[in-house]
Amino acid sequence: MKTLKNKVLLYNARIYTQFNNQVVNSMALDKRLIVAVGDNLQQDPRFKNFSKIDLKKKTIVPGFVDAHTHFHYFAQSFCKVSLDGLDSLEKCLSKIKTFAATLKKNEWVVGEGYSVDFFKKRIEPDKFMLDKVSGGRPAIMFTKDQHTAWVNSQALTSAGINSKTKDPAGGRIEKLSDGTPSGILREPAAYSAVSELLPEPAASQMNRFYQKALNWAYKKGITAVHSFDGNPLAFKWYQQMSEKKKLGLRIN
């Protein structure tokens, strides 16, 4: 839509209006707002000054509403390494190493999306493997279902998790044969001591990540979301963006 002029008329389309199941073939927009829908509007003299675009029978539907998202968290995912879909531990480690090399010396290496159940050879990772590819930085990788975090030695030390640390209620700290933490923390109850150390992105970074999230949503036809972000800062963020008229979506 960014390339469209102020007044545009789309015609020769199949446009679902959601009004009494009506389907029409043309739509007029003025400054990116829909001002008319109907049949053969390109022949209507009221729209003679509108630029005409033949959609060649393409379909237009109302914007989609995603009824369960964590959109603020999703925006932050653009500063993480995605391990989703990788079918081996070796591929995960290689991608983490490449990503870590782009970060500053003391930045956290954060990733998500891996699943040992998807590996061709099911191997549970440990802290030592992550130590080798994180370049001396603290690191945490979340599984695809967010029920487990894989962390390195520096992250464990920073969180004060050691051989004497007991399993928290509702969580489990996996241990090696010598009783030291392996680097696998089950459930938020166990890994929150590490995840709470992650710094919030700077405002300039968050602006950039949020715009990437918006562009992704637009490409999927999403114009509204219900967002279940548990972080109180997320609500404040939405308020600020709304006040600046930069929210970009209808957000409940």
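The values are calculated or read from the model by the stated rules, or taken from the named source; none is laboratory data. Note that the coordinates shown come from a computational prediction; the quantities given were computed from them, not determined experimentally. Reconstructed Cβ throughout: ideal geometry from the backbone, glycine too, with neighbour counts over all protein chains shown.
Would you mention how many residues in region 2-23 are within 33 Å of the chain's Cα centre (by Cα), at pLDDT below 90 and either on the phi > 0 side of the Ramachandran plot or assigned to a strand (DSSP E or B) (or both)?
Qualifying residue count, region 2-23: 1.
Residue by residue through region 222-235, note down the ones that are modelled with pLDDT under 95 and either aliphatic (A, V, I, L, M) or in a loop (DSSP other than H, G, I, E, B) (or both).
PHE228, ASP229, GLY230, ASN231, LEU233, ALA234
A quick yes/no check of all residues on (1) among the hydrophobic types (A, V, I, L, M, F, W, C); (2) without any contact (Cβ under 8 Å) to a residue 12 or more places away in the chain:
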{"position": "ALA75", "(1), (2)": "yes, no"}
{"position": "LEU83", "(1), (2)": "yes, no"}
{"position": "LYS91", "(1), (2)": "no, yes"}
{"position": "THR102", "(1), (2)": "no, yes"}
{"position": "LYS105", "(1), (2)": "no, no"}
{"position": "PHE118", "(1), (2)": "yes, no"}
{"position": "ARG122", "(1), (2)": "no, yes"}
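Being of a type in the set (Phe, Trp, Tyr), outside any loop (DSSP other than H, G, I, E, B) and without any contact (Cβ under 8 Å) to a residue 24 or more places away in the chain narrows it down to one of TYR210, TYR218, so name that one.
On the way: TYR210 fails: without any contact (Cβ under 8 Å) to a residue 24 or more places away in the chain.
The conditions single out TYR218.
Among the residues of region 232-249, what is the count of those that are loosely packed, with under 12 Cβ neighbours inside 10 Å, of a type in the set (A, V, I, L, M, F, W, C) and closer than 15 Å to GLN211 by Cβ?
The qualifying residues number 0.
Quick check on my filter: what residues within region 221-252 are of a type in the set (S, T, N, Q) and farther than 25 Å from PRO199 by Cα? Full working, then the answer.
If we filter region 221-252 for residues that are of a type in the set (S, T, N, Q), which is where we start, we get 223, 227, 231, 239-240, 242, 252.
Those that are of a type in the set (S, T, N, Q) and farther than 25 Å from PRO199 by Cα: THR223, ASN252.
Restricting attention to strands (runs of 3 or more DSSP E) lying wholly within region 101-177, give those where 2 or more residues are buried (at least 18 other Cβ atoms within 10 Å of the Cβ).
On the way: elements: 109-114, 139-143, 148-151, 172-175.
Filter on region 101-177 gives 109-114, 139-143, 148-151.
For residues in region 197-224 being of a type outside the set (A, V, I, L, M) and loosely packed, with under 13 Cβ neighbours inside 10 Å, which is nearest to GLY63 (Cα to Cα)?
At the first step, the residues of region 197-224 found to be of a type outside the set (A, V, I, L, M) are 199-201, 204-205, 207-212, 215-216, 218-221, 223.
If we keep only those that are loosely packed, with under 13 Cβ neighbours inside 10 Å too, we end up with 199-200, 204, 215, 219-221.
Numbers: PRO199: 34, GLU200: 31, SER204: 28, ASN215: 14, LYS219: 11, LYS220: 9, GLY221: 6 Å.
It comes out as GLY221.
Of all residues in region 200-232 being aliphatic (A, V, I, L, M) and touching a strand residue (DSSP E or B) at 6+ places or on another chain (Cβ under 6 Å), which is nearest to GLN76 (Cα to Cα)? Don't jump to the end; show me each part of the working.
Just the residues of region 200-232 that are aliphatic (A, V, I, L, M), to begin with: 202-203, 206, 213-214, 217, 222, 224-225.
Subsequent filtering for residues that are touching a strand residue (DSSP E or B) at 6+ places or on another chain (Cβ under 6 Å) retains 222, 224-225.
Numbers: ILE222: 18, ALA224: 18, VAL225: 16 Å.
Restricting to residues being aliphatic (A, V, I, L, M) and touching a strand residue (DSSP E or B) at 6+ places or on another chain (Cβ under 6 Å), the top hit is VAL225.
Could you check region 67-100 and list, in sequence order, the residues that are part of a strand (DSSP E or B) and surrounded by fewer than 17 Cβ atoms within 10 Å (Cβ to Cβ)? Outline the logic, then answer.
Step one: of region 67-100, the residues part of a strand (DSSP E or B) are 67-69, 81-82.
Selection gives ALA67, HIS68, SER82.
Among (1) surrounded by 13 or more Cβ atoms within 10 Å (Cβ to Cβ); (2) in contact with a helix residue (DSSP H, G or I) (Cβ under 9 Å, 6 or more places away or on another chain), which single condition is THR17 missing?
All conditions are met except number (2).
Going residue by residue through region 236-252, is there one that turns out to be of a type in the set (A, V, I, L, M, F, W, C) and either in a strand (DSSP E or B) or in contact with a Ser or Thr (Cβ under 6 Å, 6 or more places away or on another chain) (or both)?
Residues of region 236-252 of a type in the set (A, V, I, L, M, F, W, C): 237, 241, 247, 249, 251.
If we keep only those that are either in a strand (DSSP E or B) or in contact with a Ser or Thr (Cβ under 6 Å, 6 or more places away or on another chain) (or both) as well, we get 251.
Yes, some residue in region 236-252 is of a type in the set (A, V, I, L, M, F, W, C) and either in a strand (DSSP E or B) or in contact with a Ser or Thr (Cβ under 6 Å, 6 or more places away or on another chain) (or both).
Checking the structure you have, find out if any residue of region 114-122 is within 26 Å of VAL225 (Cβ to Cβ) and not assigned by TED's automatic domain parsing to the domain that holds GLN205.
Of the residues in region 114-122, the ones within 26 Å of VAL225 (Cβ to Cβ) are 114-115.
Going one step further and asking which of them are not assigned by TED's automatic domain parsing to the domain that holds GLN205, we end up with 114-115.
Within region 114-122 (the criterion being within 26 Å of VAL225 (Cβ to Cβ) and not assigned by TED's automatic domain parsing to the domain that holds GLN205), the answer is yes, since at least one residue qualifies.
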